[in-house]
Amino acid sequence: SARTFQHQNELPPLPVPDLNESCDLYLKSIQPLADQTQFENTKNVVDQFRQNEGPILQKRLLEHAKETQKHNKSWLEDFWLDAAYLAFRAPLPTNSNYYILFDKAPRNLKQTKIAAKIIRGALEFKKQLENEEVTPEYLRRTTPQCMDQYKKIFSTSRVAKSGTDILLQFEGSKHVVVIANKQFFNLQVLDQEGNAYSAAALEKRLEEILSFSAQHSHEQVPPIGAITAIERDESANMRTMLEKDNKERLHSIDTALFAISLDGDEPNSMDQAGEWINGGNENTAPNRWFEKLCNFVVFKNGWSGLTGEHCPLDAPIVGTMTNYFLQHMSKEEVNGDGSENVPAFENYQWEINPSVADELKNAQKKAAEVLLNCELVYQRYSLYGADWIKKVAKTSPDAFVQMSIQLAYYYTHNDSTATYETGTARCFFHGRTDTVRTLSSDSREWTVAMADPQVSVNDKLSHFRKALDSHSSYMKRAIDGKVIDRHFLGLRLVKKPTEDAPAMFVDPLWRQSTRFRLSTSNMTSNYYVAGFGPTEEDGYGVCYGTRSDSLEYSITSFRSCAHTSAKNFSLNLQKA
């Protein structure tokens, strides 16, 4: 049978797109955002770039690509890791992290049983990965996808550093971090041979942890987890203070396979469960470690999910693992009566001096502001799903849903905005994603037509077809590695510090076309729904799934912005 990494060496390198093609595509993508005068001005600026700095930067980028290929890397990977993630200073939750809510997982079991099943399931997936038994992925069943990101799921942590964070990955870890009642515990989950303990045996230890943490919850427990939910330079500063007396404890968290939080909260709806995993309430931050690649969360009343650190891999990778263990979640474990001897848990005893204690209280306040600021609403459309869209509407479910989001935005704001959709670049060696710019002149004309009662149904339909075709052709370019946003990032990053920024990248339309007030992504699964916060203060994060018989949307906005509301957007999505 096929082995997980068998195609890695045959994957083509990530191409550097052609400069003229990228400039043409850029001009086409800004048309719906500009009037004639603005467009002509920008066209002149772009033409100057083609003639002057463009070819010099392109040559440098091609040389850089040749160099990185020798070191078994794509030309983009280090650029992307730093620029998109590690140098990003905003707090991780709701800005950079994503979340997954296990909406189809059983909720009628005890909290510790659900947590034990999640731990066991993740460890089984880890074993499959190590044995290369995870099926390699193919695009449209024929084109192999890069599987490299799977190597980064376990024992990976982002660590706050001033200016730019670092990413650490460890080998040979056998423990996870359990967080309960703000207290941190080290729990060994693999035996000396690297085999996972049974869910029944793990459940017993989790019961002990929960009862121990409840007994000690009245004590002054320092809100350590909050340091991972604040602005990154402040996070780095707090980490430095803590490391003086707690180096080994922090190292133990960094090296853990993953974290799992047992929350005392009881979300009263799916919306609230999602919101408290993506963001949270005033109690949440001390019960998380947002820097861990995977921090599973199980609430007292059975809702469960995870918050994921985004920098080394993209959400669908963790989605695959999630699909794997949620399929088996409702089955009873055949072997293991819980009699194995799982080593006793270890409680982290933090050494905190009074000034650090004050700083931690402060951090907890700031963290609560961050987590409470992100509103989340689910919209489930169950009149039809992907099957109907393919068979009856005869179009791509992804393009169809993207247009529904365009129309909802137009209904909400009587305008269109630059839109980011995650496109895959995994057909290439170490490829991750690129931007599909959903807003086009065709999609703009269609949304305007839809809002105009004078336009006939037939005309609306023909505008719709054009908009769908336009989207599908951009998506195809993205899959072929021929789109613009990562290319232009590369060109900006090979500029020397002494050189002026090309006029094209300080042009008002450049900013407007990269200010993605709609940030969107397709995460389809029968077992979970997923999502993320907006990428702009006055924007929306819209993650959707096209299940065969329904369309699922997770919509977020920031409460601090008076002009956006996930609730309003959700109502307009239904109208759309």
Considering the stretch 372-395 alone, what residues qualify as being among the aromatic types (Phe, Trp, Tyr) and either closer than 29 Å to TRP276 by Cβ or open to solvent by less than 80 Å² (accessible area, probe 1.4 Å) (or both)? TYR378, TYR381, TYR384
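Each row is one residue, and each column tells you yes or no for (1) open to solvent by less than 40 Å² (accessible area, probe 1.4 Å); (2) within 15 Å of the chain's Cα centre (by Cα); (3) of a type in the set (Lys, Arg).
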site: GLU53; (1), (2), (3): no, no, no
site: LEU57; (1), (2), (3): yes, no, no
site: LEU62; (1), (2), (3): no, no, no
site: ALA65; (1), (2), (3): yes, no, no
site: HIS71; (1), (2), (3): no, no, no
site: ARG89; (1), (2), (3): no, no, yes
site: LEU92; (1), (2), (3): yes, yes, no
site: LYS117; (1), (2), (3): yes, no, yes
Output for the stretch 307-319, where each listed residue is in a helix (DSSP H, G or I) and either among the small types (Gly, Ala, Ser) or over 12 Å from LYS126 (Cα atoms) (or both): ALA315, PRO316, ILE317, GLY319
Only one residue in PHE428, PHE488, PHE464 is in contact with a Leu (Cβ under 7 Å, 6 or more places away or on another chain) and touching a residue at least 40 places away in the same chain (Cβ under 8 Å), so which one is that? PHE428
Report those helices (runs of 4 or more DSSP H) wholly inside the stretch 164-279 carrying at least 1 residues which are open to solvent by 60 Å² or more (accessible area, probe 1.4 Å) and under 30 Å from GLU340 (Cβ atoms). 199-215, 232-255
Could we say that PRO106 is at pLDDT below 95 and surrounded by fewer than 20 Cβ atoms within 10 Å (Cβ to Cβ) here? yes
List the residue pairs whose Cβ atoms are under 7 Å apart, where the first residue sits in the stretch 356-381 and is within 28 Å of ASN568 (Cβ to Cβ) and of a type in the set (Gly, Ala, Ser), the second is open to solvent by less than 50 Å² (accessible area, probe 1.4 Å) and at pLDDT 95 or above, and the two are 6 or more positions apart or on different chains. ALA367/ALA226; ALA367/ALA229; ALA367/ILE230; ALA367/ALA285; ALA368/ALA285
Please enumerate the residues belonging to the stretch 125-154 that are open to solvent by less than 60 Å² (accessible area, probe 1.4 Å), part of a helix (DSSP H, G or I) and closer than 21 Å to VAL176 by Cα. PHE125, LYS126, GLN128, LEU129, GLN149, TYR150, LYS152
Taking the options LEU250, LEU202, LEU242, LEU167, name whichever one is among the hydrophobic types (A, V, I, L, M, F, W, C) and closer than 18 Å to LEU86 by Cβ. LEU167
Flagged in the stretch 283-320 as modelled with pLDDT under 95 and under 21 Å from VAL178 (Cα atoms), in numbering order, are ASN283, HIS310
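The values are calculated or read from the model by the stated rules, or taken from the named source; none is laboratory data. These numbers were taken from a predicted model, which means no experiment stands behind them. We place every Cβ from the backbone using ideal geometry, glycine too, and count neighbours over all the protein chains shown. Surface areas here come from the heavy atoms of the whole protein model, side chains and all, with no ligands, DNA or RNA. Shrake-Rupley method; radii C 1.70, N 1.55, O 1.52, S 1.80 Å.
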